[in-house]
Amino acid sequence: MSAPRLDEAWLARHVWPRFSRVLARKEIYLANHSLGRPPDHVAEELRAAIDAWYSEMDGAWDLWIQGRERFRSLVSQLVAAPRADCIVPKTSAGQGLRAVLNALPGKPRVLTTDAEFDSIDFILRIYRDKGRIELKALPFDSFRFEPCDLVVLSTVAFRTGAIFPSVKNVIEKAHASGALVLLDVKTVPGMKVSVLNGRRGPSGPGAGGGLLIKCARCRCRPREPRYPTSTDVSPPKLFCTEPFHCWIYCAGA
């Protein structure tokens, strides 16, 4: 939703009615994460999904899969992805990160910042402690690309709101050296990042989200998903026959 002028009057007219149930609570609630204020229609959609289970039993999968595919389509439009099948739904940032780490062969070298969201930082450190990855964390404000296999960074520091100063430059250097990139953009709805074939798009929705996959032939015709059949996959492949270049995680916690 776009607004010519995002002020209180516009919000009261166009946004607040969508949140009438939670706004009935007389309190200040500033959380904007997985347990942020839900819009009214969430209850209706959840009820429809459960009702389908009661009435259709295993036939409920038809409705549920339609909902998943609609979500993929909407997220792809939001982030200017060329196709809906570039979006891999994930329930959390941690799940998205683990999917990426588990797809990499050997013991990958991971380069990150010291300002990653707790769930991302925790998983990276556990993988390091378990001997699954080599991990190096650099200061967010003075981050510089170094040789590695995977770069993991946030476009905005969740504690301070500081914007990462050189996303495009880091991605270009990473790709030039053969490294992969995972950007965590869940905290910056509306933030624009240049990673999709030179196109720009807003970063992501609120709670819930997905991995956006950009491959060397991202503009080719849609394909059925092709999943790895073993752990010996080099370079990692999920939805296409070309090496991944970039992931963007949108939303979730």
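Brief remarks follow.
- At most 13 other Cβ within 10 Å, DSSP loop - trypsin sites (Lys or Arg not before Pro), region 61-132: LYS130
- Electrostatic bookkeeping for ARG98 treats Lys and Arg as +1 and Asp and Glu as -1; over the other residues with beta carbon under 11 Å from its beta carbon, the sum is +2.
- Residues of region 73-110 falling in the label zone of TRP64, defined by backbone nitrogen less than 16 Å from a point 7 Å along Cα to beta-carbon, are 89-91.
- Inter-label distance for HIS41 and GLN77, nm, one decimal - labels placed 7 Å from Cα along Cα-to-Cβ: 1.0
- If you plug the beta carbon distance of GLU8 and ILE50 into 1/(1 + (r/R0)^6) with R0 = 45 Å, you get a FRET efficiency near 0.80.
Quick note: the coordinates plus some simple rules give every number you see, no bench work behind them. As the structure is a prediction and not an experimental result, all values here were calculated from the model. In this analysis, Cβ positions are derived from the backbone assuming ideal geometry, glycine residues included, and neighbour counts consider all displayed protein chains.
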